[in-house]
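K.L.:
The structure is given below, and queries will be raised subsequently.
No value in this document is a laboratory result; all are computed from the given coordinates. All of these numbers come straight from a predicted model, not from anything done at the bench. Here the Cβ positions follow ideal geometry from the backbone for every residue, glycine too, while neighbour counts run over all protein chains shown.
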Amino acid sequence: MITIDVDKPVRVLALEDPRIRAALEAMGIDTCCGGGKPLTEAVREAGLEIDAVRARLHEAMARGKAEPETKRDWRQASLAELTDHIEEKHHAFLRDILPRLADRFAKVVKAHGKRHGDMLTEVQRVFAGLRKEIEAHLMKEEQILFPYLRQMSAAIAACRELPPMHCGSVANPIRQMEHEHENAGAVLSAMRERTSGYDLPDDACPTFAGLYEDLRALEADLHEHIFLENNILFPKAVGMEEKSMGRVHGKGDQL
Ligand SMILES: [Fe+2]
Ligand SMILES: [Fe+2]
């Protein structure tokens, strides 16, 4: 049985096992943008008890019947495999849910504008900004960064020189992506706060409930998505570029 070191940063614990990440997120502990804090601090901020959290984490680890995908250790995947997974799972999810959320907002604002108009229109406006930023962000990853990471992966596998990066170093577009992730994380927190943690009002209809359900799903998926990019994909790409610059990589490197 793994022992949870409560003094470790949340992000480090989440990286150790995907079941830990899922359990922390399920308890409302942000593993992506707020992941730099030690677990004890994050637990306190979330208004939880450290012993209860530790017990839930041990339980999640002992369960052992997690979905095969949630058990996959993406640290062992190649850049190409991980970019494919992120596009197929997380980018596709966003392309599906973002337009649906915009429709749900329009319906709920129309039906509940009288009693909850201020809150709803504010969250709708914040969401519209987030949607715009996310859509531009996905294009940048899919058209520029990810194709380059796949080329890097192929070049290193074939022991070839890395292809030239028009931005100088892969660290430059990655920094920009990380900055955009931080903004997205802040917007998610703001939406959660403004809706009192997606707590439905008494007069909510099923469409209102569907809106909050989708917003929760957006938050959960985006946290997982950003976690994979910030903590696995990007550090791996930067590390490979640095290693390649030093010309110390060999054929057996894990890509
Ligand atoms: Fe992405
Ligand atoms: Fe991203």
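K.L.:
Between A46 and M139, how high is the FRET efficiency from 1/(1 + (r/R0)^6) when r is the Cβ-Cβ distance and R₀ = 35 Å? Nearest 0.05.
P.N.:
According to the calculation, E is roughly 0.55.
K.L.:
Please give the length that would be gained between M119 and L200 if that part of the chain were fully extended, namely 0.36 nm times their separation in residues minus their C-alpha to C-alpha distance (nm, one decimal).
P.N.:
Contour length minus Cα-Cα distance gives 28.0 nm.
K.L.:
Follow-up question, since we're still on this one. Which value results for Rg/Rh of the chain when Rg is the Cα radius of gyration and Rh the Kirkwood radius based on the inverse mean 1/r?
P.N.:
1.01
K.L.:
If I model a spin label as a point 7 Å beyond the Cα along the Cα-Cβ vector, how far apart are those points for N183 and E213 in nm?
P.N.:
The two pseudo-label positions are separated by 3.2 nm.
K.L.:
In nm, to one decimal, how far is the modelled label at E59 from the one at K8, with both set 7 Å along Cα→Cβ?
P.N.:
2.1 nm
K.L.:
Divide by every residue of the chain the summed helix terms, -39500 (n - 2.57) for each DSSP H run of at least 4, and state the resulting mean residue ellipticity at 222 nm, rounded to the nearest 500 deg cm²/dmol.
P.N.:
Rounded to the nearest 500, the figure is -21500 deg cm²/dmol.
K.L.:
A further question on this structure: Based only on other Cβ atoms within 10 Å, what is the fewest-to-most ordering of R150, R63?
P.N.:
R63, R150
K.L.:
Modelling each spin label as a point 7 Å along the Cα-to-Cβ direction, I'd like the F93/L162 distance in nm, to one decimal.
P.N.:
For the pair F93/L162, the computed spacing is 2.9 nm.
K.L.:
How much net charge surrounds Q176 when only the other residues with a Cβ under 13 Å from the Cβ of Q176 are counted, with Lys and Arg +1 and Asp and Glu -1?
P.N.:
Within the 13 Å Cβ shell, the charges total -4.
K.L.:
Next up: Given charges of +1 on the Cβ of Lys and Arg and -1 on the Cβ of Asp and Glu, with all other atoms neutral, how large is the dipole of the chain about its Cα centre, in debye to the nearest 20?
P.N.:
With only Lys, Arg, Asp and Glu charged at Cβ, the dipole is about 280 debye.
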